[in-house]
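To start, the structure itself, in structure tokens.
The values are calculated or read from the model by the stated rules, or taken from the named source; none is laboratory data. Small disclaimer: the values here were computed from a predicted structure and weren't measured. Methodologically, a virtual Cβ is constructed for each residue, glycine included, from the backbone with ideal geometry; neighbour enumeration extends over all protein chains shown. Remember, those area values only see protein heavy atoms, side chains included, never the ligands or the DNA or RNA. Shrake-Rupley method; radii C 1.70, N 1.55, O 1.52, S 1.80 Å.
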Amino acid sequence: MEQTGLTFRALNDRIDALPEQPGASLQLSRKTQLAYSIGLMATVLGLLAAKLLPSNQLYTLAITLVMLIIELISFAIAIIPKFPPRLPGFQSERRECADELDFDMPHHLALVQWLSEFPSEELQKLADYANHRNERMKEKLPLLTGSLEKLGILPIVVALYIQFRGMHWPPQLSWPEIFFSCVLILCYWTCMLQVSARLRVQLFESLLKKAATKAELREPQSAQAAST
């Protein structure tokens with residue numbers, strides 16, 4: 001019996017409900033996300049304390065030092081989720097990639113099978129619209145990222161070198177520098193959100209096209225069986 005009423009929201013919920021491989025290198029656990037949040041909050045509070053509180057007072061130094069310690073501990077917990085830490089290597093990374101593919105493949109096939117139960121015409125319609133939105137997002141994304149994805153990492157390295165070559169310790173950040181840094185972080189976060197949304201739309205398109213092809217192959221057989 002054919003289902004009707006497939007939506008992108010329903011497909012997105014199915015994808016979000018897929019299990020993740022335990023210990024996957026790209027998996028951000030709730031503990032890691034919390035550590036990053038605490039670290040960023042401690043960084044902001046430390047900068048505000050150093051800029052707003054009197055610099056000649058002992059409590060200013062104490063608050064800044066405490067925020068720095070919290071920041072370092074939080075980022076260490078987030079960056080090194082496993083102990084003892086394991087240095088990445090070519091062989092181990094390839095092995096982990098193969099394990100992740102073995103784990104994800106059955107869930108991917110089950111998702112395609114679920115989609116193929118919908119009418120092929122409806123699947124193709126959603127796939128075409130996903131392709132349209134993907135192309136639109138591909139055109140709009142360079143407004144944020146420019147051509148960095150084509151130039152590679154070299155321009156970023158040069159920019160960082162120019163930015164930090166004259167830095168001394170302890171760093172004395174001015175209010176314009178703090179504001180500009182916050183704007184950069186906001187732009188980076190916005191860019192990451194756009195990239196994440198585009199990758200999800202690409203996944204929608206790929207799944208829908210595979211399911212539409214499978215549904216097209218099944219529908220003549222179903223019609224023939226019904227006629228007999």
| request: Among the residues of segment 1-35, write down those that are modelled with pLDDT under 80 and in a helix (DSSP H, G or I). | output: 30, 31, 32, 33
| message | Filter segment 110-136 down to the residues that are free of Cβ contacts under 8 Å to residues at least 40 places away in the same chain and charged (D, E, K, R) and list them by number. | response | 121, 125, 128, 135, 136
| query | Among the residues of segment 114-137, how many are open to solvent by 20 Å² or more (accessible area, probe 1.4 Å) and over 26 Å from the mean Cα position of the chain (by Cα)? | reply | 6
